[in-house]
Amino acid sequence: MKEEQLWNTIVFYCKDCERIVDVDRAGRKYVYMCGLCHTKNVAFGTEKSIRGYFHVEDEPVAPTAPGTPVPTESVS
Ligand SMILES: [Zn+2]
């Protein structure tokens, strides 16, 4: 995935949870409910704008990279 596409991803930010969340659609209107606390205090926008506006810190999404050398000591 290109970085450009990544930054154009629409994300939802719950102002109550103060984090990017998954949402549920509430009814037919363009109203979104936070999947965590179920309030409608949710803003959405591109990930770039949301992170910039709400100062969302980069979450430590650090999947263990395959091949990362793990410091292990072989005790003999
Ligand atoms: Zn919430």
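List of remarks:
- Dividing the Cα radius of gyration of the range 8-54 by 2.2 N^0.38 Å, with N the residue count, gives 1.05.
- Length added when fully stretched, HIS55-ARG19, from 0.36 nm per residue minus Cα-Cα: 12.0 nm
No value in this document is a laboratory result; all are computed from the given coordinates. Worth saying up front: this structure is predicted, and the values here are computed from it rather than measured.
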